[in-house]
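Some notes on the structure that comes next.
The values are calculated or read from the model by the stated rules, or taken from the named source; none is laboratory data. No experiment lies behind these values; they were computed from the predicted model shown. Because the Cβ atoms are built from the backbone with ideal geometry, glycine has one as well, and the counts that use them run over all protein chains shown. To get the accessible areas, we keep the full protein, side chains included, count just its heavy atoms, and leave off ligands, DNA and RNA. Shrake-Rupley method; radii C 1.70, N 1.55, O 1.52, S 1.80 Å.
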Amino acid sequence: MPPTARYRFAWIVLAFILGGLTASGVASLYWSRHQAGLVASSGVKAVYHCPMHPSMQSDRAADCPICGMRMVPVEKEGATPAPLSTPRAGALTPKKVIYRSTMNAGEVSDKPGKDSMGMEMVPVEMQEQPEEAPRVEGHAVVTIPAPRQRLIGVKTQLVEKAPFIRGIHAVGRIAIDETRQHHVHTKVGGWIETLYAHATGEKVVRGQPLLSIYSPELVASQEEFLVALRSRKALGEAVPPEAAQRADELLESAHRRLLLLDLTPEQIRHLAATGEASRELTLYAPMSGYVLARNVTHGERIEANTALLDIADLSRVWVLAAVYEYEVPFVKVGQPATMTLSYLPGKVLRGRVGLVYPVLDAATRTVQVRLEFANPGLQLKPEMYADVELESDLGRRLVVPETAVLATGTRDIVFVDRGDGTFEPREVRLGLRLPEAVEVLAGLAEGERIVTSGNFLVDSESRLKAALEGAARPAPAPSASPQGGTKEP
């Protein structure tokens, strides 16, 4: 390399070295002034220092430039530690200062000093539980600034009385009104001679003939009645009273037997007028309705226990709906009900609750409710399904939103907003529930403001504060052991 080039390179290296030394000197000067707190030259004593590096001091709260820890105030000997903030006049809850280890959060004290590792303890503001507030185990009154409330989405609402209306939706099945159903039987055995109700589903009117039967027993009973009637007429009036009374009793007995065998009074009068026993007995419809079952045909042999026909009046029907056990308190007899059907869109039918069944279905955990509906146009057919709606108005009650209640399994807790960002945990006793609200029986008063959103985060703050307050309480004094030493509690 030529001499001129070597000299030029040496000058460049020297310039870099001088520049580095100058920058290092300026940084050292700035560092030393920052280390002295930028106020040592003016005679002001530093009041903050780093717990890990006590030589790092400053006149303001800042982070240590070496380890990044927050500087703490230096307490003067004999001085009474002042709280970090002075409580305002009219504050809802007083504040106190405890001292906590920076390395072990569970190591706290009510006086300034050093922890078990020789480090200065950091002061922490704690909010004491107000005397008049009922304490909730595991929770504490907590203060959250307004900006932080907006950040975690805290919303509040007034506690007030509101209409307590519970709506119940259930699926119902249309059924025959059992009080409007009749089974046609005969009291004697015999044979079907004529069947007037030809097919199932036919409409019959009360008094309309249904069928006629031949029964030897029935014919014999008619003959007995005619014999008793002729005997009484043959005696006349010129007989002893005892004989006339006995003849009257025999006639009355034969007449009553025919009535018990389902002969109508008109048929018996016709029998007495003609004086001839009828071979066939005609059975008439006991009510108006529809033939739901026809169990016999022409010429069939029947017995006294044979079910001949089933007739039902469908002008009024039942709707059997199943409601869950927790909905039963909202259902009462006489309560209005509405019903809609899929094949009649837009049409709402109105009825009433006729009966709440006294037993629970163990398989489905439901209770059957019987509703009664008019069916003038026979639009409601038995075995149809329908949607049933019930509404129970229980008056005005003290209610809160369901989201405001924190259920722990053994108790229910809400947070009361006492103003100034202070939230007080309160244990409440709940009553009936709606889908989005719940009744409050005890623990809250009308007009109080409670947290309805973000209460899980408020609950976390309250639990943490309660844990710190519990750790700040002085430990119980150790008891003396029998050997004269101390024994761990």
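For the reader, a short list of remarks on this structure follows.
- For the criterion of being hydrophobic (A, V, I, L, M, F, W, C), more than 22 Å from the chain's Cα centre (by Cα) and open to solvent by 20 Å² or more (accessible area, probe 1.4 Å), Ala175 fails.
- Meets criteria (out of contact with any Phe, Trp or Tyr (no Cβ under 7 Å at 6 or more places or on another chain), open to solvent by 50 Å² or more (accessible area, probe 1.4 Å) and on the phi > 0 side of the Ramachandran plot) for Gly346: yes
- Some residue of region 332-354 being over 18 Å from the mean Cα position of the chain (by Cα) and in contact (Cβ under 8 Å) with a residue 60 or more places away in the chain: yes
- The set of residues in region 269-283 that are free of Cβ contacts under 8 Å to residues at least 60 places away in the same chain and closer than 16 Å to Ser215 by Cβ comprises Leu271, Ala277, Ser278.
- Some residue of region 198-216 being under 60 Å from the mean Cα position of the chain (by Cα), under 27 Å from Ala304 (Cβ atoms), open to solvent by 50 Å² or more (accessible area, probe 1.4 Å) and at pLDDT below 85: yes
- Any pair with Cβ under 9 angstrom, 6 or more apart, that starts in region 376-403 at a residue that is under 20 Å from Leu314 (Cα atoms) and in contact (Cβ under 8 Å) with a residue 12 or more places away in the chain and ends at one that is exposed (fewer than 12 other Cβ atoms within 10 Å of the Cβ) and of a type in the set (Lys, Arg): Gln379/Lys347
- Of all the listed residues (Ala304, Ala321), the sole one being part of a loop (DSSP other than H, G, I, E, B), touching a residue at least 12 places away in the same chain (Cβ under 8 Å) and open to solvent by less than 80 Å² (accessible area, probe 1.4 Å) is Ala304.
- Residues (under 20 Å from the mean Cα position of the chain (by Cα) and in a strand (DSSP E or B)) located in region 434-450: Ala437, Val438, Glu439, Val440, Leu441, Ala442
- Checking each residue in region 233-256 for being open to solvent by less than 90 Å² (accessible area, probe 1.4 Å) and under 16 Å from Arg269 (Cα atoms) picks out Leu251, Ser253, Ala254, His255.
- Tallying residues that are touching a strand residue (DSSP E or B) at 6+ places or on another chain (Cβ under 7 Å) and over 20 Å from Arg449 (Cα atoms) within region 151-178 yields 13.
- Test: residue in region 169-181 that is touching a Leu at 6+ places or on another chain (Cβ under 6 Å), over 30 Å from Gly419 (Cβ atoms) and not small (Gly, Ala, Ser): yes
- Scan of region 91-105 for residues that are at pLDDT 65 or above, open to solvent by 30 Å² or more (accessible area, probe 1.4 Å) and either part of a loop (DSSP other than H, G, I, E, B) or of a type in the set (S, T, N, Q) (or both), ordered by number: Thr102, Met103, Asn104
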